[in-house]
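K.L.:
Pasting a structure below so you can have a look.
The values are calculated or read from the model by the stated rules, or taken from the named source; none is laboratory data. Here the structure is a predicted model, which means the values were calculated and not measured. Every residue, glycine as well, gets a Cβ built from its backbone with ideal geometry; the counts of neighbours run over all protein chains shown. When the accessible area is computed, the model is the full protein with side chains, heavy atoms only, and any ligands, DNA or RNA have been set aside. Shrake-Rupley method; radii C 1.70, N 1.55, O 1.52, S 1.80 Å.
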Amino acid sequence: MTRTDLRGIGTTPRRKVLISGASVAGPALAFWLNRYGFAVTVVEKAAALRGGGYPIDVRGTALEVVRRMGILPRLQDAHIDLRRLTFLDGDGSEVASVDPHTVTGGVAGRDLEVRRGDLTGALYTAVRDDVEFLFNDSIDSLDQSGHGVDVTFRGGGRRTFDMVFGADGLHSCTREFLFGPEEQFHRYLGYCFAGFTMRNTFGLFRETTMWNTPGRAAALYAVGDNDDVHAFLNFACPEPPFDAFRNPEAQRDLVAAVFADAGWEVPGMLAAMRDADDLFFDGVSQIRMPRWSSGRVALVGDAAYAPSFLTGQGSSLALVGAYMLAGSLADRDHAAGFADYEHNTRAFVTVNQDQVGEGDATLFPTTARALEQRNDMLRDLSAMPSAEGRPAHSALTLPEFMPMT
């Protein structure tokens, strides 16, 4: 199959590429690569696109990405519009009630907060008719010894691609194939968290209520238009509990032990966690790598530079990174394109990752003194107008790449 060269000189075979992962970075990268004339295949280990999920933010530069993709109106329709963030002390008494934007750094009326499934659904819809999706499969091995990348799939298939991209998240298998064990790039920030949904019997509507004691936090997040609430249990943990990461029952046991004597609504949250079929548990961490590519394979999104949920920038970095990677490859070979991608994107990634330091999470203090200092800060914030946004969120101005097909 041929296409007219984007520069109008003769014809050239379409470059065939494989993307591992169909969450945010993967479909976004597929969208832009397809626009630049690539033949794109996306492989996803799940049997289908994942719906639902906890709320995520789209801010700053990422808003321009989704506008250029044509999905901004759909995301605006799905905007949650959280109206209040209430903090409680250990005894359940109110510490402060603030505009959420004063804490998150978002901009009211411009930045978006949507369910994760609403974002992934919008991305998938935008590209599904033009890109091949292989669900319920994954990469089993990569071989770059030839002129392309020979891929063996877990399902038994074998194919050769010009390039392969790892968009498979914090615990990326593609990254491990290329660079070795995750531990060398994993920057653990000293916390673990569990998230799940439960019945909203609390009368909450478009608001979050968070309970804190030193080293522990419990939050109920009501998006406003159904009978469920997102529940989060976050706790300080000096060393990552590796044994629990791959064992759901061990995760439940660990969280239950940490919060065993907690008050407020926590006992009911723990009971709901035991029965939840959508429990998500992980450490709070970042991925920091000296380079994001090797040969004909490159990483994007959390696989390359997870910033942690403490920054609220994971999805935004994935969207921006996908745009920058695809554009950098539009009229370049893989070596030049990957170098350009990293050169023009790394500073934006770093400034957003640097919004949180190791073991430092303002909203989740680990000592009584730090908790009181945080509470004093929140009381001051409650009297302030909403934020004007953090400079890091818009620290990159999107370039205009070459015309699309």
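K.L.:
Out of all the residues in segment 277-304, which are buried (at least 21 other Cβ atoms within 10 Å of the Cβ) and either of a type in the set (Asp, Glu) or part of a helix (DSSP H, G or I) (or both)?
P.N.:
Matches in segment 277-304: 302, 303, 304.
K.L.:
Tell me, which strands (runs of 3 or more DSSP E) wholly within segment 83-146 include 3 or more residues that are among the aliphatic types (A, V, I, L, M)?
P.N.:
Working: elements: 84-88, 94-98, 112-115, 132-135, 139-143.
Result: 94-98.
K.L.:
Just checking, does segment 155-169 include any residue being in contact with an Asp or Glu (Cβ under 7 Å, 6 or more places away or on another chain), in contact (Cβ under 8 Å) with a residue 60 or more places away in the chain and within 14 Å of residue 21 (Cα to Cα)?
P.N.:
Yes, segment 155-169 has at least one match.
K.L.:
Give just the number: which of (1) touching a residue at least 12 places away in the same chain (Cβ under 8 Å); (2) within 16 Å of residue 197 (Cβ to Cβ) does residue 240 not satisfy?
P.N.:
(2)
K.L.:
Within segment 264-277, is even one residue aromatic (Phe, Trp, Tyr) and within 20 Å of residue 182 (Cβ to Cβ)?
P.N.:
Going through segment 264-277, the residues aromatic (Phe, Trp, Tyr) turn out to be 264.
From what's left, within 20 Å of residue 182 (Cβ to Cβ): none.
Looking for residues that are aromatic (Phe, Trp, Tyr) and within 20 Å of residue 182 (Cβ to Cβ), one finds none in segment 264-277, hence no.
K.L.:
Can you tell me how many residues within segment 40-61 are under 18 Å from residue 300 (Cβ atoms), open to solvent by less than 30 Å² (accessible area, probe 1.4 Å) and in contact with a strand residue (DSSP E or B) (Cβ under 9 Å, 6 or more places away or on another chain)?
P.N.:
Summing the residues that are under 18 Å from residue 300 (Cβ atoms), open to solvent by less than 30 Å² (accessible area, probe 1.4 Å) and in contact with a strand residue (DSSP E or B) (Cβ under 9 Å, 6 or more places away or on another chain) in segment 40-61 gives 7.
K.L.:
Can you tell me which residue within segment 114-136, out of those that are open to solvent by less than 30 Å² (accessible area, probe 1.4 Å) and not polar (S, T, N, Q), is nearest to residue 315 (Cα to Cα)?
P.N.:
Here is the first cut: in segment 114-136, the ones open to solvent by less than 30 Å² (accessible area, probe 1.4 Å) are 114, 117, 119-123, 127, 131.
From the residues that got through so far, the ones that are not polar (S, T, N, Q) too are 114, 117, 119, 121-123, 127, 131.
Working: 114: 11, 117: 12, 119: 9, 121: 14, 122: 13, 123: 12, 127: 18, 131: 21 Å.
Checking each candidate, the answer is 119.
K.L.:
While we're here: Anything in segment 192-235 that is under 14 Å from residue 262 (Cβ atoms) and under 22 Å from the mean Cα position of the chain (by Cα)? List them, or say none.
P.N.:
194, 210, 217, 218, 219, 220, 231, 232, 233, 234, 235
K.L.:
Among the residues of segment 62-87 satisfying the criterion of being over 28 Å from residue 402 (Cα atoms) and in contact with a helix residue (DSSP H, G or I) (Cβ under 6 Å, 6 or more places away or on another chain), which is least open to solvent (accessible area, probe 1.4 Å)?
P.N.:
Taking the candidates together, the pick is 87.
K.L.:
Also: Look through segment 164-204, keep the residues that are part of a helix (DSSP H, G or I) and in contact with a Ser or Thr (Cβ under 9 Å, 6 or more places away or on another chain), and return whichever of them is surrounded by the fewest Cβ atoms within 10 Å (Cβ to Cβ). Give the derivation first.
P.N.:
Taking segment 164-204 first, the residues part of a helix (DSSP H, G or I) are 173-179, 182-184.
From the residues that got through so far, the ones that are in contact with a Ser or Thr (Cβ under 9 Å, 6 or more places away or on another chain) too are 173-174, 177-179, 182.
On the way: 173: 20, 174: 26, 177: 18, 178: 21, 179: 20, 182: 15.
Residue satisfying both the conditions and the ranking: 182.
K.L.:
Is segment 132-149 home to any residue that is on the phi < 0 side of the Ramachandran plot, touching a His at 6+ places or on another chain (Cβ under 6 Å) and in contact (Cβ under 8 Å) with a residue 40 or more places away in the chain? Before the answer, list the steps.
P.N.:
Residues of segment 132-149 that are on the phi < 0 side of the Ramachandran plot, as a first pass: 132-135, 137-149.
Remaining after also requiring touching a His at 6+ places or on another chain (Cβ under 6 Å): none.
So far as segment 132-149 goes, no, none of its residues is on the phi < 0 side of the Ramachandran plot, touching a His at 6+ places or on another chain (Cβ under 6 Å) and in contact (Cβ under 8 Å) with a residue 40 or more places away in the chain.
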